Amino acid sequence: MSRHVVASVGEVAPGNSKIVTVKGREIGVFNIKGEYFALANKCPHAGASLCQGRLGGLALSDGPGDYRLVRQGELLKCPWHGWEFDVRTGQSWCDPENTYVRQYAVSVEGGEELLKGPYVIDTFKVAVEENYIIVEM
């Protein structure tokens with residue numbers, strides 16, 4: 001599995017996403033309340049650019065006229081046919097048993113950690129001030 005720096009944390013604000021290309025594949029990186037998730041940018045239903053869809057929530061009801069919206073910003077709606085996918089798991093809400101979008105592991109690491117390695121060379125003190133989003137493929 002290879003690791004790829006795709007953005008700094010400041011590039012993906014909470015409630016937003018960024019589409020990146022890694023190894024020729026488009027991936028949507030999402031920030032949900034400070035947690036990062038990555039999904040393939042291809043709807044398994046009909047091939048739309050899924051990550052260009054809107055983020056929304058889940059409407060629950062205990063009876064007529066009584067509803068509440070939960071999990072705001074965690075469900076991604078396909079821009080073509082409206083199929084919804086859970087950004088946290090990639091699972092489809094339309095066909096949860098059989099349909100899901102590919103999910104990639106995501107971590108946030110400090111720039112100082114990315115600079116570490118078994119390097120033997122003249123070194124100079126460097127300050128790294130940002131954290132970066134890493135996608136594993």
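Read-outs: derived from the displayed coordinates by stated rules, not from any lab. Computed from a predicted model, the values in this text were never measured in an experiment. Using ideal geometry, Cβ is built from the backbone for each residue, glycine included, and neighbour counts are taken over all protein chains shown.
Averaging sequence separations of C-alpha pairs under 8 Å and six or more residues apart, then dividing by the length of the chain, give the relative contact order as a whole percent. Taking the mean separation of contacting Cα pairs over the length of the chain, I get 25 percent. Backbone phi angles across the stretch 54-71, fed through the Karplus curve with coefficients 6.51, -1.76 and 1.60 (θ = phi - 60°), yield HN-Hα couplings of 8, 8, x, x, 10, 8, 10, 9, 9, x, x, x, 10, 8, 9, 9, 10, 6 Hz in residue order; Gly and Pro are listed as x. Spin-label model, Asp66/Glu97: points 7 Å from Cα along the beta carbon direction are separated by 3.0 nm. Scalar couplings 3J(HN,Hα) for the stretch 33-38, obtained by applying the Karplus form with A = 6.51, B = -1.76, C = 1.60 to θ = phi - 60°, are 6, x, 9, 10, 9, 10 Hz; x denotes Gly and Pro. For the pair Thr89 and Glu109, the difference between a 0.36 nm per residue extended length and the Cα-Cα distance amounts to 5.0 nm. Fully extending the segment from Glu26 to His4 would add 6.6 nm, taking 0.36 nm per residue of separation and subtracting the current Cα-Cα distance. In plain terms, the residue of Glu130, Glu74 with the fewest other Cβ atoms within 10 Å comes first and the most crowded comes last, giving Glu130, Glu74. Shown in residue order for the stretch 96-109 are the 3J(HN,Hα) couplings computed by the Karplus curve 6.51 cos²θ - 1.76 cosθ + 1.60 at θ = phi - 60°: x, 6, 10, 10, 8, 9, 4, 10, 10, 5, 10, 9, 10, 10 Hz (x for Gly and Pro). Can you pull the one-decimal nm distance between simple spin-label points at Glu130 and Leu58, each 7 Å off the Cα toward Cβ? In this crude label model, Glu130 to Leu58 measures out at 3.4 nm.
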